Amino acid sequence: MTSINNNPYSYLGSAYARAGSPQASSAGILLNDADSSGASQGNGATNLTLSEAARARLTDASAQPDFATLTGDMRAALDKAYVAAKVTGPIGADGKTTVDLSSFDRRSLFAVSTNNGGKFSPDEQKAASTELSNRFNDALAPAVATSKLTGNINAVYNAALDYFDGASGEEKATAAWSALHTAVTKGVQATRQDPSKAPTSIANDPVAAYLSGNGDGGTSTPADFSTVAKRVRATLDAQAKAAATAAKNQVFDPLRKTGQQADLTGLDNRSLAAVSLNQDGLFSKQESFAAKQALDARNRASILTALNRSQSTGDPTQLSLGILNTYSSMSAEERQASNWTPTFRDHALANYKSSSHIMAMLRGH
């Protein structure tokens, strides 16, 4: 379970104003399509697993609700989560979360953290703010680890800028978002001039606040790998049951014309690694192969994103930085499943250093 801690980003929740803009809501999807078969057992917070149909509607623009509708959906989804977990609120007597908020999208959590419509309790606002804060921290952590290898703090500010640029319209309409975005933009500009030095005089700088308490780039302790594997097994079993109900076989080969394709899109990379490595023997060869293919595709996409940034900015170091950030974001199991070895990391680091040296020569530094 995750403790609700004070966090330098948590205070932002109550400062956000309310506005309206259509964005996808995981709350309504969870309310209508949550599959409780993947709920964690024992002392863990309750998890809700999105169905295939639910995830499909995330990309359906016509299914995107206005903010008032999203807020109502989120209220109902939280209530449903409490019933499933047999609790009355998001924080237990021990100060730890009772339900897992990681399945809810950022816009839905924003609605809770700002108490939109007056529908949420102080504990719910606090839990949502903490989850948003954790996501900000997790967005920065890989870049911080990379900066320790390269000495380039600009990558951390770029990661923060990407995070704030990914906010919903409601969040961007607030004074708090504007102040933070302005601060991070100034940080990007300052560290572009001198990547080796973190700025110290930028007002409202969330990166400086993060670095003061999380300089090692660490994040929350991940779940036990065997527990991750069991959760994925439950998710795949639920999909297989749904396929059987529809009189179809669950299949993992995208070239198959018959059967119901297994949906791995809702699994995070560590879950895919659990299936790929199959350390506990819970998965078939077909499942492991499909998970490996999906994980490799995501890694290729991250490299392509870094390549595109390198080309659009004219900065060849961005490709190496992107690869190093992806490496830093991986768990040990993900690296093993992807065969991203320390040698591979060292090659990317060497490429970064040589590219940086050439760029410095061209600038006359």
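Among all residue pairs at least 6 apart or on different chains, which show Cβ distances below 7 Å where the first residue, located in region 180-193, is open to solvent by less than 70 Å² (accessible area, probe 1.4 Å) and the second is among the β-branched types (V, I, T)? Correct list of pairs: A183/I202; V184/V207; G187/I202; G187/V207; T191/I153.
Meeting the requirement of 2 or more residues that are more than 30 Å from L272 (Cα to Cα), the helices (runs of 4 or more DSSP H) wholly within region 296-365 are 342-363. I need a count of the residues in region 284-302 that are more than 24 Å from K230 (Cβ to Cβ) and either exposed (fewer than 15 other Cβ atoms within 10 Å of the Cβ) or of a type in the set (D, E, K, R) (or both). Count: 3. Can you pull out the residues in region 314-340 that are more than 19 Å from the chain's Cα centre (by Cα), open to solvent by 50 Å² or more (accessible area, probe 1.4 Å) and modelled with pLDDT of 95 or more? Residues satisfying the conditions are Q336, N339.
Kindly establish whether D162 is at pLDDT below 95, assigned to a helix (DSSP H, G or I) and of a type outside the set (A, V, I, L, M, F, W, C).
For D162, the condition - at pLDDT below 95, assigned to a helix (DSSP H, G or I) and of a type outside the set (A, V, I, L, M, F, W, C) - is met.
Tallying residues that are in contact (Cβ under 8 Å) with a residue 60 or more places away in the chain, among the aliphatic types (A, V, I, L, M) and surrounded by fewer than 18 Cβ atoms within 10 Å (Cβ to Cβ) within region 243-272 yields 0. On the basis of being over 30 Å from S133 (Cα atoms), modelled with pLDDT under 90 and either part of a loop (DSSP other than H, G, I, E, B) or out of contact with any Ser or Thr (no Cβ under 8 Å at 6 or more places or on another chain) (or both), does P222 make the cut? Considered against the rule, which asks whether it is over 30 Å from S133 (Cα atoms), modelled with pLDDT under 90 and either part of a loop (DSSP other than H, G, I, E, B) or out of contact with any Ser or Thr (no Cβ under 8 Å at 6 or more places or on another chain) (or both), P222 comes out as no. Considering each residue of region 232-239 in turn, none proves to be open to solvent by 50 Å² or more (accessible area, probe 1.4 Å), modelled with pLDDT of 90 or more, basic (K, R) and not in a loop (DSSP other than H, G, I, E, B). Any residue at all in region 138-145 that is β-branched (V, I, T) and either over 22 Å from the mean Cα position of the chain (by Cα) or open to solvent by 10 Å² or more (accessible area, probe 1.4 Å) (or both)? For region 138-145, residues β-branched (V, I, T) and either over 22 Å from the mean Cα position of the chain (by Cα) or open to solvent by 10 Å² or more (accessible area, probe 1.4 Å) (or both): absent. Taking the conditions exactly as written (aliphatic (A, V, I, L, M), open to solvent by less than 60 Å² (accessible area, probe 1.4 Å) and modelled with pLDDT of 90 or more), does A175 satisfy them or not? No, not satisfied. If you go through region 112-143 and pick out every residue that is closer than 16 Å to D79 by Cα and not in a helix (DSSP H, G or I), you end up with 4.
The values are calculated or read from the model by the stated rules, or taken from the named source; none is laboratory data. Since the structure is predicted, the reported quantities are computational estimates derived from the model, not experimental observations. Reconstructed Cβ throughout: ideal geometry from the backbone, glycine too, with neighbour counts over all protein chains shown. Note: accessible area is taken over every heavy atom of the protein model, side chains too, but ligands, DNA and RNA are not part of it. Shrake-Rupley method; radii C 1.70, N 1.55, O 1.52, S 1.80 Å.
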